[in-house]
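Comments concern the structure below.
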Amino acid sequence: MRRTPALRSLIRETDVRPGDLIAPLFVKEELTEPAPITSMPGQSQHTIESLRKEAVEIAERGVRAFILFAVPARKDREGSEAWNPEGIGQHAIAALRSEFGDEAVVIGDLCLDEYTDHGHCGVLNDLDEVDNDATVELYQRIALAQADAGAHLVGPSGMMDGQVAAIRTALDAGGRQDVGILAYAAKFASALYGPFREAAEGAPRFGDRTGYQQDPANLDEALREIRTDIDEGADIVMVKPALPYLDVIRRAKDETRFPMAAYHVSGEYAMVKAAAQNGWLDERRVVLELLTSIRRAGAAMILTYHAKDAADWLHG
Ligand code: PBG
């Protein structure tokens, strides 16, 4: 049954379509031209104009979903630009909504690390520890600002306890029952976010995120996090990173039957790109194999910086 391409196509169990992919894009306030991200070859921090252009090129290839990360010009201790109706994040969401209407899904990444001067995903107490409950109240404001800017979905990525329930309550109370939640449900404290922190300029100035992100060693705990987010009202639950955690995706899919997303993160992208640039790997074959593996593990959708290239290859 493997003898010819046609036979192989007939018995193939898993496919990847451009429509399964979500492209992460970065936008930075006060840029005049796109700024390439050195550790993520092929990716840039965008101006609003170059963001639109890049999104259109990606959409032409059949990828119909975008998640937006914004870097403000002004950061403060609370991260107040995150909920400014005129903030860069809201302008980016609005730009893609005006470009696509409902022809693409526009997702706002909902967190504070790009907006706080200390780089943590939440506000700090007097001991410089993240204050979970005070942070969740700020997430409610961000959710409403992103909804008002036109986000179809918000994606809380800070791993605060109770964030999904709080955001659902705030959206409903604000008359935005129509906005869904893509929950970063099992987000591990991973070394694979390194390049992203250059892209989003959100590296913590002190300490790390092990106090709120998950221990890579824990599978049962990941399942508890995922179940909690589903109970709190998440519409899609995400595992992040993807490849080291395919077992988490598979088990969560089997046990919950819920729509699952996987985030194939910046470090995973950078490893492939670096090896490909050295001529050590065939980028196209590797990327399609990796994306297929993530789908086979049970993810309905994949957030990936390879989205644009992969969509080309899938057509080709
Ligand atoms: C935090 C956030 C991070 C990523 C997405 N959202 C970084 C972190 O938790 O430090 C990483 C994504 C990637 O590495 O591609 N808001």
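The values are calculated or read from the model by the stated rules, or taken from the named source; none is laboratory data. Since we're looking at a predicted model, the values are computed, not measured. Cβ placement follows ideal geometry from the backbone for every residue including glycine, while neighbour counts extend to all protein chains displayed. SASA here: full protein model, heavy atoms, side chains in, ligands and nucleic acids out. Shrake-Rupley method; radii C 1.70, N 1.55, O 1.52, S 1.80 Å.
In this rough spin-label picture, where each label sits 7 Å from Cα along the Cβ direction, the Ala189-Gln277 distance is 3.0 nm. Each pair of Cα atoms in the chain enters the Kirkwood radius, and Stokes-Einstein at 25 °C and 0.890 mPa s then converts it into a translational diffusion coefficient of 125 µm²/s. Shown is the FRET efficiency for Leu7 and Glu60, computed with R0 = 30 Å from the Cβ-Cβ distance and rounded to the nearest 0.05: 0.40. In the chain, the DSSP beta bridges split such that about 10 percent are antiparallel, to the nearest 5.
Using a 1.4 Å probe over the heavy atoms of the protein chains, calculate the carbon and sulfur portion of the accessible area of the range 168-303 as a whole percent. Carbon-and-sulfur percentage of accessible area, whole number: 50. On a per residue basis, the chain carries 43 Å² of accessible surface, using protein heavy atoms and a 1.4 Å probe.
Applying 0.36 nm per residue to the separation of Arg257 and Asp133 and subtracting their alpha-carbon distance, the gain on full extension is 41.6 nm. As a length-normalised measure over Cα pairs under 8 Å and 6 or more apart, the relative contact order of the chain settles at 19 percent.
Charge tally for Glu30 (other residues, Cβ to Cβ under 15 Å; Lys, Arg +1; Asp, Glu -1): -4.
The magnitude of the dipole of the chain, with charges of +1 and -1 set on the Cβ of Lys/Arg and Asp/Glu and taken from the Cα centre, is near 1580 debye.
Placing +1 on the Cβ of every Lys and Arg and -1 on the Cβ of every Asp and Glu, with no other charges, gives the range 39-198 a dipole of roughly 460 debye about its Cα centre. Most tightly packed first, judged by the mean number of other beta-carbon atoms within 10 Å of their residues, the peptides 280-292, 180-192, 89-101 read 180-192, 89-101, 280-292.
The smallest convex shape that holds all Cα atoms of the range 1-113, its convex hull, gives 148 Å³ per residue. Apply the a/c threshold of 1.5 to the C-alpha gyration tensor of the range 153-258 and tell me whether it is rounded, prolate or oblate. Judged from the Cα gyration tensor, the range 153-258 comes out oblate (a/c at least 1.5, b/c at or above a/b). Helix 88-100 and the long axis of the chain differ in direction by around 50°, with both axes built from C-alpha atoms. Spatially, the range 124-187 and the range 8-50 are offset by 24 Å when compared through their Cα centroids.
According to the square roots a ≥ b ≥ c of the eigenvalues of the Cα gyration tensor, what is the shape class of the range 54-211, taking rounded for a/c under 1.5, prolate for a/b larger than b/c otherwise, and oblate for the remainder? Judged from the Cα gyration tensor, the range 54-211 comes out prolate (a/c at least 1.5, a/b above b/c). A straight Cα-to-Cα reach below 30 Å connects Lys75 with the lysines Lys28, Lys53, Lys187, Lys240, residues fewer than 8 places away in its own chain not being considered.
Calculated mean residue ellipticity at 222 nm for the chain: -12500 deg cm²/dmol, from DSSP H runs with n ≥ 4 weighted as -39500 (n - 2.57), summed, divided by the residue count and rounded to 500.
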